[in-house]
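Okay, so here's the structure we're looking at.
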Amino acid sequence: MSLKDLRGFYDELADRYDLMYADWQAGITRQGAALDALLTAALGPGPHRILDSACGIGTQALGLAALGHRVTGTDLSPGAVARAAREAEARGLALPVAAADMRALPFPGGSFDAVVCADNALPHLLTAGEVTAALAEMGRVLRPGGLLLLSTRPYGELRRSRPLSDPPRVRTDPDGQRTITFQLWHWHADGARYDLEFFQLLPTGATWTTQVSRTTYWALPEEETAAFAAAAGFVDPVWHDPAATGFHQPVLGARRPSAASGTGQGDARRGRAVDALVTPGCGAPGLG
């Protein structure tokens, strides 16, 4: 899948991505609290400067901002980050956002204490070169000793079982109308990648409207993801289990080494670019 197609996938979902949650606001609060606990354990009490490098419509970014962190959100999808900015404004939260490829982040080196890449966003990248480039960029924008928090599906197990679908999720609106969301998975012959069909059944009077979106993932097992992080320069990788964190996916924590080099000309160019890209969240989609 091309980046143009992936951008279109999330642009098209931006206005209804939250409908996959039974209660999106509860999900925002729960996920923010789970990530905040990991941040505090690794970096000490905040607030911390955080980049959510695949913020989508803001599920993790909003939760972290509500807890007082200084969060910036980027995502490949302009539609998704625009939705995140609107949601932040509605909640009275500061959330600068930018449409950006995680392989070319528009910030100077060392800009953040932590980078979050959650909700299975990294596996949209389908080659080793793309994954390494994205992780290297996340490391570049971290300060020395900064923390990466990256979540994916538990692909070690999923590669073995090769599920064909996930269970339907049902959301009931205050007026009693229900939205049903489910996925079908079509595994490639290599057993490592799969095409996903994302179905939503939306109530339309006495019947249903069906919306279908399609994308592709690389099902990287945990040990391979950690190896890519190490190749990109991260140290001390640790996988945190959902049972321990309360987050809905396994989370990889890893550090940028403390003895890091300074920024170069490329960082300066990206620093100038961010002035044009970032929009204030106040006053202005990973698919898990």
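The values are calculated or read from the model by the stated rules, or taken from the named source; none is laboratory data. Since the structure is predicted, the reported quantities are computational estimates derived from the model, not experimental observations. Methodologically, a virtual Cβ is constructed for each residue, glycine included, from the backbone with ideal geometry; neighbour enumeration extends over all protein chains shown.
Got a sec? Which of A189, A243 is farther than 16 Å from L149 by Cβ, surrounded by fewer than 14 Cβ atoms within 10 Å (Cβ to Cβ) and in the same structural domain as D23 (by TED's automatic domain parsing)? First the steps, then the outcome.
Working: A189 fails: in the same structural domain as D23 (by TED's automatic domain parsing).
Going through A189, A243 in turn, the sole match is A243.
If I ask for residues that are closer than 15 Å to P154 by Cα and either outside the structural domain of S258 (by TED's automatic domain parsing) or acidic (D, E) (or both), which ones from the stretch 105-128 would you list?
D119
Can L67 be described as surrounded by 20 or more Cβ atoms within 10 Å (Cβ to Cβ) and not aromatic (F, W, Y)? Don't jump to the end; show me each part of the working.
Numbers: surrounded by 20 or more Cβ atoms within 10 Å (Cβ to Cβ): no; not aromatic (F, W, Y): yes.
Taking the combined requirement at face value, the residue does not satisfy it.
Give all pairs with beta carbons closer than 9 Å in which a residue from the stretch 124-146 that is at positive phi meets a residue that is part of a helix (DSSP H, G or I) and surrounded by fewer than 24 Cβ atoms within 10 Å (Cβ to Cβ); count only pairs at least 6 apart in sequence or on separate chains.
Between residues of the stretch 124-146 that are at positive phi and residues that are part of a helix (DSSP H, G or I) and surrounded by fewer than 24 Cβ atoms within 10 Å (Cβ to Cβ), the close pairs are G145/L43.
Read through the list (1) buried (at least 19 other Cβ atoms within 10 Å of the Cβ); (2) modelled with pLDDT under 95, then give the number of the only condition that T225 fails.
(2)
Consider A65 against the criteria (1) in contact with a helix residue (DSSP H, G or I) (Cβ under 8 Å, 6 or more places away or on another chain); (2) assigned to a helix (DSSP H, G or I); (3) farther than 19 Å from G146 by Cα: it satisfies all of them except one. Which criterion is unmet?
(3)
Could you check the stretch 124-241 for strands (runs of 3 or more DSSP E) lying wholly inside it with 1 or more residues that are in contact with a His (Cβ under 9 Å, 6 or more places away or on another chain)? Let's see the steps before the verdict.
Details: elements: 142-151, 165-172, 178-187, 193-204, 207-218, 235-240.
Per the criteria, 142-151, 193-204, 207-218.
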